[in-house]
């Protein structure tokens, strides 16, 4: 189904929403792999058609008699995992996802004016006789004050969320912070291959030329990670239930996880006051993945330009090896820093990733005929 996902979305449409929850969760994971490189714009509309709101269900029910079953929407409340790898920028945006993750109930309305009797006493002390001998003022209903519109989670049992491999322009940290603020139950989060934490998305695309530094940002060269550390600290406070965090392929900004800076007197600051709260909001994190992952390779080593019978050999590229070694060194520094900060507290398992020689490569062909490599 995932390999022919566009066909199923077009012809099965809203009936995909009637699949069991476990199939929906699995399908998203397979779609993340087997539709990589294919644009799903025009097919997927947010999380539709896999997940429908009650308004969508009512509208479709009018067009398809017999479809409107409340269990379709009610079952979504038990969704625990959403794998949106390769989705951001390809068929959904963070703004769309945030809107999909919350439900805004209709605001409470006051008592209609026609329910209030026309008689108004001339004074506060005047008691108008009634059949029960009550004062008219006591008999009048009090209009209720309209309540503020509150947003509730659409998936209240959501535990795991993957936003791995976004397109560079779609990865907005401001939007991410807004999203996770509505997901207090998250215990597993993947931000693999996300760009450097930055308030200004345009700044993060700036790179310095050079054999090793060509993929670095000015912050990396100046060793000034104040802004990135501040964003990560805010992220940790919003995901206080987190137990599993995947930052694979984020080697260029891993130093932000260990940055402490200096106080006005030039002395290093307390690690507990800057950066992620490893002993605070993230004190329950048990697993952290910070391996180098797989970086974008030069075209000469890109699997999409290689014959299908030839397995790509990215490890033979000296440039790729240099970048890989740099990211691995950053990961080791993070591991030592966190182990020191967590000393005497809860143990944190840190995954540095496997070597390229330990990875199996499978060649697949996308629906548009492009040959892609999938790493296992």
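Within the stretch 155-176, the set of residues being in a helix (DSSP H, G or I) and within 17 Å of residue 232 (Cα to Cα) comprises 173, 174, 175, 176.
Give the residues of the stretch 8-17 that are surrounded by fewer than 17 Cβ atoms within 10 Å (Cβ to Cβ) and in contact (Cβ under 8 Å) with a residue 40 or more places away in the chain, sorted by residue number. Steps first, answer last, please.
As a first pass, look at the stretch 8-17 and keep what is surrounded by fewer than 17 Cβ atoms within 10 Å (Cβ to Cβ): 10-13, 15.
Of everything in the stretch 8-17, just one residue is surrounded by fewer than 17 Cβ atoms within 10 Å (Cβ to Cβ) and in contact (Cβ under 8 Å) with a residue 40 or more places away in the chain, namely 15.
Cβ separations smaller than 6 Å between residues 6+ apart or across chains give the following pairs from the stretch 22-49 residues that are more than 18 Å from residue 165 (Cα to Cα) to residues that are at pLDDT below 90 and outside any loop (DSSP other than H, G, I, E, B): 43/6; 43/9; 49/13; 49/14; 49/16; 49/17.
The single condition among (1) closer than 18 Å to residue 153 by Cα; (2) at pLDDT below 85; (3) buried (at least 17 other Cβ atoms within 10 Å of the Cβ) that residue 100 does not satisfy is (2). Within the stretch 174-185, the set of residues being crowded, with 19+ Cβ neighbours inside 10 Å and closer than 13 Å to residue 80 by Cα comprises just one member, 183.
So, of the residues in the stretch 141-159 that are within 30 Å of residue 190 (Cα to Cα) and surrounded by fewer than 18 Cβ atoms within 10 Å (Cβ to Cβ), which turns out to be modelled with the lowest pLDDT?
Taking the stretch 141-159 and keeping what is within 30 Å of residue 190 (Cα to Cα), we get 150-159.
So of that shortlist, the ones also surrounded by fewer than 18 Cβ atoms within 10 Å (Cβ to Cβ) come out as 150-153, 156-157.
Numbers: 150: 66, 151: 73, 152: 84, 153: 88, 156: 92, 157: 94.
Top of the filtered list is 150.
Residues in the stretch 286-313 that are out of contact with any helix residue (DSSP H, G or I) (no Cβ under 9 Å at 6 or more places or on another chain) and modelled with pLDDT of 70 or more: 286, 287, 289.
The sole residue among 66, 110, 37, 42 that is out of contact with any helix residue (DSSP H, G or I) (no Cβ under 6 Å at 6 or more places or on another chain), modelled with pLDDT under 70 and surrounded by 15 or more Cβ atoms within 10 Å (Cβ to Cβ) is 37. If residue 232 satisfies every condition in (1) in a loop (DSSP other than H, G, I, E, B); (2) modelled with pLDDT of 95 or more but one, which is the exception? Condition (1) is where residue 232 drops out.
The values are calculated or read from the model by the stated rules, or taken from the named source; none is laboratory data. None of these values were measured; they are calculated from a predicted model. Here Cβ is always computed from backbone atoms with ideal geometry, including for glycine, and neighbour counts include all displayed protein chains.
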